[in-house]
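Inspection log for the structure reproduced underneath, given as structure tokens.
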Amino acid sequence: MLLEVGTKAPDFTLPDKDGQNVSLSDFAGKKVVLYFYPKDNTPGCTRQACAFAGAYEAFRTLDAVVIGVSKDSAASHRKFAEKYNLPFLLLSDPELTVLQAYGVWQEKKLYGKVSMGVVRTTYLIDENGVIEKVMPKVKPDTNAVDILAYYQDRA
């Protein structure tokens, strides 16, 4: 089950593409765009990551940090980031700890086959670490633009 707006975002520490530990609490005082995606180098996830990369300067202007999380390894993230020149953090959660804490590890149906996987979801976390907006089942191509529009409407 996804977390609710108004609840404190669970803190976590995960390795980035270079194996350095990154904690959510490192970004206290900043807006955090925390997006969960199924897999590096798949078509939808690549389009989503490239859209975030394209909008990266706009997010920086808003003092917002973009963090992508999947169960892929740090090495996979490193290749993915290098291949597509991704300027934001990609964190590795192979143990599914954070994926489960944020309720995005769910049963999925594809062609009648049921399996467990990441439901593409984005959480917007405010400067105080509180969940401001939950965006379930986001579209890879419009996720970054939708978030920027949301922030601009609130400005």
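Taking a probe of 1.4 Å, how large is the accessible area per residue of the range 1-58, in Å²? Numbers along the way, then the final one.
Values: 2850 Å² over 58 residues.
Result: 49 Å² per residue.
Note on the chain: lysine pairs with Cα distance below 18 Å, sequence gap of 8 or more or different chains, count 23.
If each residue of separation counts as 0.36 nm, what is the full-extension length gain between Met116 and Lys139 once their alpha-carbon separation is subtracted? Each step should come with its number before you reach the end.
Details: separation 23, 0.36 × 23 = 8.28 nm, distance 1.94 nm.
Full extension of this stretch gives 6.3 nm more.
Seen from Leu62, the other residues with C-beta closer than 13 Å to its C-beta sum to a net charge of -2, counting Lys and Arg as +1 and Asp and Glu as -1.
Compared with the alpha-carbon gap, the fully stretched path from Ala28 to Leu2 is longer by 7.2 nm at 0.36 nm per residue.
Apolar share of the accessible surface for the chain: 51 percent from carbon plus sulfur atoms, 1.4 Å probe. Can you give the helix-only mean residue ellipticity at 222 nm for the chain, where every DSSP H stretch with n ≥ 4 adds -39500 (n - 2.57) and the sum goes over all residues, rounded to the nearest 500 deg cm²/dmol? The helix contribution divided over the chain gives -8500 deg cm²/dmol.
Students often get this wrong: which residues of the range 48-78 have the backbone nitrogen under 14 Å from the point 7 angstrom along Cα-to-C-beta of Gln152? Only 55-62 pass the distance filter. Available extension along the chain between Gln100 and Thr61 is 10.9 nm, counting 0.36 nm per residue and deducting the alpha carbon span.
The values are calculated or read from the model by the stated rules, or taken from the named source; none is laboratory data. Everything quoted here is computed from the prediction, not taken from an experiment. Every residue, glycine among them, receives a Cβ derived from its backbone with ideal geometry; neighbour counts consider all protein chains shown. Just the protein is used for accessible areas: all its heavy atoms, side chains included, with ligands, DNA and RNA removed. Shrake-Rupley method; radii C 1.70, N 1.55, O 1.52, S 1.80 Å.
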